[in-house]
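What follows is one structure encoded as structure tokens, with my remarks underneath.
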Amino acid sequence: MVETYQLFQYESCPFCYRVRQFLEVNGIDLEFRDTLLDVDARSELMEGGGRTSVPCLRIQRGPQVLWLYESLDIIGYLGTRFGV
Ligand SMILES: N[C@@H](CCC(=O)N[C@@H](CS)C(=O)NCC(=O)O)C(=O)O
């Protein structure tokens, strides 16, 4: 099933940097939501994921929405999905 992604993150977070580096190296393009600069993004993360910790990957799979925390889990998940 087709999935769409948003990465909730912010610039100075080292764990977010780790995920952004992985995306860049592998040429994966997805939408970023900055939880420091965008109060709506922070609220959305809190309401959807249950906590404001970043990075968090919002996965939209049809009507289903999943919130995946932990930088290494996010990298592992996207690595599998994108075959890298
Ligand atoms: N083990 C986590 C660490 C994530 C983490 O500590 N993120 C910090 C920012 S660098 C954070 O979100 N702190 C605020 C909070 O937990 O609400 C990972 O690898 O993603």
Subset of region 50-66 (residues that are surrounded by 11 or more Cβ atoms within 10 Å (Cβ to Cβ), more than 15 Å from residue 13 (Cα to Cα) and in contact (Cβ under 8 Å) with a residue 40 or more places away in the chain): 58, 59, 60, 61
Residue tally, condition of a type in the set (Phe, Trp, Tyr), open to solvent by 30 Å² or more (accessible area, probe 1.4 Å) and in contact with a strand residue (DSSP E or B) (Cβ under 6 Å, 6 or more places away or on another chain), over region 8-43: 2
Does region 18-33 include one or more residues that are touching a Leu at 6+ places or on another chain (Cβ under 6 Å), closer than 16 Å to residue 2 by Cα and β-branched (Val, Ile, Thr)? no
Residues (basic (Lys, Arg) and without any contact (Cβ under 8 Å) to a residue 40 or more places away in the chain) located in region 1-39: 20, 33
Turns out the strands (runs of 3 or more DSSP E) fully within region 1-82 with at least 3 residues that are within 13 Å of the ligand (Cβ to nearest atom) are 3-9, 64-69
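The values are calculated or read from the model by the stated rules, or taken from the named source; none is laboratory data. Keep in mind that this is a model prediction, so the values were computed, not measured. Don't worry about glycine lacking a Cβ; one is built from the backbone with ideal geometry, like all the others, and counts go over all protein chains shown. Heads up: the accessible areas ignore ligands, DNA and RNA and are worked out on the full protein's heavy atoms, side chains in. Shrake-Rupley method; radii C 1.70, N 1.55, O 1.52, S 1.80 Å.
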